[in-house]
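Shown next, in structure tokens, is the structure this report addresses.
Values in this text are rule-based calculations from the coordinates and carry no lab data. None of the values given here were measured: they were computed from a predicted structure. Cβ placement follows ideal geometry from the backbone for every residue including glycine, while neighbour counts extend to all protein chains displayed.
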Amino acid sequence: MVDIYFNGLTAAILSLGAAIFALTSLPVTWAADSSANNLVIEEIIVTARKKEESIQDTPLAVTAITGELREGSVRRLEDIQAFAPNLFINRTPGIASGAAITIRGVASLESDKSFEPSIGVVMDGMFLGTSSGVLLDNFDIERIEVLRGPQGTLFGKNTTGGILNVIRSPVSLNEMGADISLTGGSFGRQDIKAVAQIPLIEDTLGLKLFGASIQHDGHVRNTTLNTDVGGDDKTNYGFTVLWEPNDDFDLKVHHEIMEDNSEQGAYTNRNVVGELACTITQIGFDPANGCEKDANDGPDTTESDGSNFSNNDYETTIVTANFNTEAFLYTYIYSLRDMDEQNMQDFDGAPAHLLRMNFFNDWEQTSHEFRVTSQFSDTVQFIAGFYDWEADFEQRWDVYDLFYQLSRLGVPPWGAGRQGVEGYSDVFPWEDDVAGNNGQSQVTTSTAVFFSADWFVADNWTLTAGFRWTEEEKDFVGGASAPGYYPLRGEPWPGIFNPYEAKAKWTETTPKLGLRYQPSDDAMFYASYSEGFKSGGFFARQANYLIDPSYEPEYVKNYEFGWKTTLQDGRMIFNGAIFRSDYDDKQESILIPVDLSNVATVVRNASSLEMTGLELEVMYQVTQAWNVMATYGYLDSEYADYLADLTGDNIVTDNSALVPRNTPKNTFGLTTSYTAKVGNGDLKARISYRHRSDMETNSSNDPLGTLDSISNVNATVSYTIDNYGVSLWGRNITDQREERWATIGGLTSRGWWNEPATYGVTVSASF
């Protein structure tokens, strides 16, 4: 079967390659104006391989998003989905600035600090170790590079699905200036963003100051609390200093602070008869009070009696030094990130005190990277380096209301009260603020050595070989506290008793081998084999550790053929890739019921996963005023040997027929812009269309988690004259709505909707 597949794939690749090669030699008959020689698409320089090179010469599937970031409708990270195939970005429920990023069907959906994301986010060389704090607003960003497929050689750590490489705007050493923008929009949107460039010593020392305030009331009306919910409340500010005393050395220090008090979204009541939420007094079995699907809550209303607030602080420092000699470029990057988070969630989404959870996280990570880039030869060029990363987190989560409601139903959460816990006595009925609590801590150390070399074998052929050796260790402690305490009365957290303690270490080498063929300056073909590795660990978010929290590493082997072509004298770019990814010991997050008051989320190495896909990107400069960009992604994914207990009954079943989450068959994006001279200024219109076919969002393929196909349209109309501009923008102007759904093992169900059509105006000035 494998031989048949690869023989067929090889034939398809060879046929497609021959067709593309032929295409590069034939004229394209699209319409063009008489000034075709002036219609060359601007070259884009990327750092996807940790060195500057043209994106058309980079032998991997990468999309660079640059000019699109200046559009008014691109307001935050999730708005870039239309510009890259097989890319999805959504907010992570439970973390205000958390991003659920999916590349080629591989997702980072879990907000718990103990389960690291499969998609890496790198900002100016700093690897962001969790999914929280990475949903960046479009602010002070020069370029975003989307690297698709495992990046286990140069980036390494837990990047089995891909990388988002975010590059901040540079620091000017000789030009003083400032950029400021003011935005007002739907649902009380009020944004202020500013960047100032201050050369302190001409050509030697420069300072960049930046700051932003993001305010938004939210699009959901809470009918119980009589207020708007789900909005933004963020501030982001900092500075970057660049020192270049000579042509051979530079030192950059970047420091920023983000304070995020946004709501995490608005959960809607989706409880159904049979769930615990429908048995308590406040709700009962009355369908009018929320015990049937779509009973009261709609896409823009919630009847929740609690808020989903955040109090999150993020502080980041990045120090980058470069020393340039005739033979080598030496680079050192130091990073420090400190996160202090509190996130309260009203899980039931209903007008009842059933289930609230309060999450506290304290995270600190440091990293050191030292690398050497060769410059002494045109025949062999290499990058070699050492990487050290350490993260230390402590987290706690408190459960409110649930035990109180169980006691009212005559179902105590433990047999004889709080026996053996000094200082506690039985309380019946319990008070509303009584809580069960869990705490965890973990220290992770990761050390790596990496190497990648390009050998220019002949005029048109380049061989690439590399590897990364990684050693990672995790030291974990987790457990439950004394069951029940009264924080509203000022009681201190009682701490963990009967802790679960474990330590594990993994060592792995991930290689890469590639071949690049450039028959001309306008065409490049590449084929590559690469491997990725994601470390194992201990999943922390469990009510107890009677269930084994450990899981083993996952591995991926990726086979890829791609091409980069420039046609029509530089007016057209046609790039693409065909890939096959085989995952072994795939880590899956599974929610299973344990008993009436306990639902466990566990991570299991439950499956092998096979993915085959196609990605196409086309850019065309129709006229000097008009350009078009189109992207298409195809993904065919299926499990093999998916053996797991998905129900909590301790019976392992074959779940290979399940459809993997977040793997739509087809995605399509189309963006076009037109610029016209009007008076003394430029009038520009841009419209972006994004289509995604239906997909599953629940690991067990519960029909409630099936999302139908959806199409969204964003648009911007702007007018600029000299250094001033005004933009009218709309997001999701076709008002396409969809609801994601989550159930908590028979306790409660909740949903959350995407935003409706939103509009606004942005005024900007440059000085």
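Quick notes on this one:
- Fewest-first ranking of Y551, Y237, using other Cβ atoms within 10 Å as the exposure measure: Y237, Y551
- Global form of region 205-261, assessed from the alpha-carbon gyration tensor, a/c cut-off 1.5: prolate
- Reciprocal of mean inverse Cα separation for region 633-754 (Kirkwood radius, Å): 18.1 Å
- Extension gain, D682-T706: 0.36 nm per intervening residue step, less the Cα-Cα distance, totals 4.2 nm.
- Virtual spin-label span in nm between W461 and I201, 7 Å along Cα→Cβ: 5.1 nm
- As a rough footprinting exposure proxy, the listed residues Y632, Y529 were ranked by other beta carbons within 10 Å of their own, and the order from fewest upward is Y529, Y632.
- Charge context of M611, other residues only, Cβ under 14 angstrom, K/R +1, D/E -1: -1
- Length gained on full extension, E259 to S520: 88.9 nm, using 0.36 nm per residue less the C-alpha separation.
- Region 109-189: Cα Rg divided by the 2.2 N^0.38 Å rule of thumb: 1.38
- Positive minus negative residues near F155 (Lys, Arg vs Asp, Glu; Cβ under 9 Å): +3
- Förster radius 30 Å - calculated FRET efficiency between A502 and D124, Cβ distance, rounded to 0.05: 0.30
- Sequentially through region 160-168, phi angles give Karplus couplings (6.51, -1.76, 1.60; θ = phi - 60°) of 5, x, x, 9, 9, 9, 9, 10, 6 Hz, Gly and Pro residues having no value and appearing as x.
- Ordered by the number of other Cβ atoms lying within 10 Å of each residue's own Cβ, fewest first, K557, K474 fall into the sequence K557, K474.
- Using a simple spin-label model with pseudo-atoms 7 Å out from Cα toward Cβ, E53 and T672 lie 3.5 nm apart.
- Pair Q375, D584: separation of 7 Å Cα→Cβ label points (nm): 4.1 nm
- The slack in the chain from E471 to D722, taken as 0.36 nm per residue of separation less the alpha-carbon distance, amounts to 84.9 nm.
- Binning the alpha carbon pair distances of region 144-254 at 5 angstrom intervals from zero yields the distribution 2, 10, 13, 11, 11, 13, 15, 12, 6, 3, 2, 1, 0, expressed in whole percent.
- Estimated FRET transfer efficiency (T325, T734; beta-carbon r; R0 35 Å; 0.05): 0.05
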